[in-house]
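What follows is a single structure, written as C-alpha cells, with notes after it.
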Amino acid sequence: LELLHRRGVDIMIALDTSLSMLAEDIKPNRLTRARYEIEGLIDRLEGDRIGLVAFAGKSFVLCPLTLDYGAAKIFLDTVDTDLISVKGTAIGDAVRMATRAFGSSEKKYQVLILITDGEDHAGDPLDAAEAAADAGVRIFAVGVGTPDGELVPIRDGDEVNYLRDSAGRIVKTRLDQATLEKMAVLTDGAYVQAGGGRVGL
C-alpha cells in the first residue's frame, strides 16, 4: 500500500487590469469573465493558499497568500480598470511581484497563473520568468486577447466610444502569444489561449 501525502499548493494569480481588458470579445468583457472564473477556481480549492496580484503599468499585491477564501473573493470584487492609475501592461513587473509574494519556500508547489491580453512595454518578461523558475515557481499563462487585435469600448451610459492614443487614433489591443508561451516553457508551466467565451482557467 502506497501512502500519498497531498501537499497544499500556493497559487498567486496575476490579473491584468489594463483598459484593454474591457474588450468584449469574451462576454461580458475580458476582465469580468476572468473575475468570474477566478472565483470559480477559489471555490474548488481545498487547503491551498491563494493570493492575487493586480497589474497594469505597475503591479501590487492585492491579496497576500491566504487560506481565507472569503477574504480573497472580497479582494477580487474590488478589481476594475481604475485600480491602477499607471496605464500599460507591465507583465514582467507583475511576475516579479508575484514571485516575491510567495515568500520563503516551504517546499510547496508554487504556481503563478498569469492572465493578460497584452504585450509588455515596460520590461523584460522573459528575464522575470527565468527568475521565477529559479525560485521554483511555475507559470501558467492565460492569453485572453487576440494576435490580430481588438477594439476597446469605453462606455458612458448608452454612449460607446473607443479607446484612442494620445494622437487620437483608435487603439487595438494585441496579444503577444509567443512571449507568454516562452514564459510558460521556461518555468515548466503551460500556456492556454482563451476562447469560446471563456478565459480557460
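Taking the condition of being in contact with a Gly (Cβ under 7 Å, 6 or more places away or on another chain) and open to solvent by 20 Å² or more (accessible area, probe 1.4 Å), how many residues in the stretch 75-122 meet it? Summing the residues that are in contact with a Gly (Cβ under 7 Å, 6 or more places away or on another chain) and open to solvent by 20 Å² or more (accessible area, probe 1.4 Å) in the stretch 75-122 gives 10.
Reported count of residues in the stretch 158-176, each being open to solvent by less than 60 Å² (accessible area, probe 1.4 Å) and in contact (Cβ under 8 Å) with a residue 12 or more places away in the chain, is 5.
Within the stretch 1-17, restricting attention to residues that are open to solvent by 10 Å² or more (accessible area, probe 1.4 Å) and of a type outside the set (Lys, Arg), the residue that is modelled with the highest pLDDT is ILE11. Could you check the stretch 151-201 and list, in sequence order, the residues that are closer than 16 Å to HIS121 by Cβ, β-branched (Val, Ile, Thr) and not in a loop (DSSP other than H, G, I, E, B)? The answer is THR173, THR179.
Is one or more of the residues making up the stretch 82-99 touching a strand residue (DSSP E or B) at 6+ places or on another chain (Cβ under 7 Å), over 28 Å from ILE154 (Cα atoms) and among the basic types (Lys, Arg)? No - not one qualifying residue is present in the stretch 82-99.
In the stretch 138-157, the residues that are closer than 24 Å to VAL53 by Cα and open to solvent by less than 70 Å² (accessible area, probe 1.4 Å) reach residues that are assigned to a loop (DSSP other than H, G, I, E, B) and of a type in the set (Ser, Thr, Tyr) with C-beta atoms within less than 6 angstrom, at least six apart or across chains, in these pairs: ILE139/THR187.
The values are calculated or read from the model by the stated rules, or taken from the named source; none is laboratory data. From a predicted model like this one, the values you see are computed outputs, not experimental measurements. For neighbour counting, all protein chains shown are included, and Cβ atoms are generated from backbone atoms with ideal geometry for every residue, glycine included. These accessible areas exclude ligands, DNA and RNA; they are computed on the full protein's heavy atoms, side chains included. Shrake-Rupley method; radii C 1.70, N 1.55, O 1.52, S 1.80 Å.
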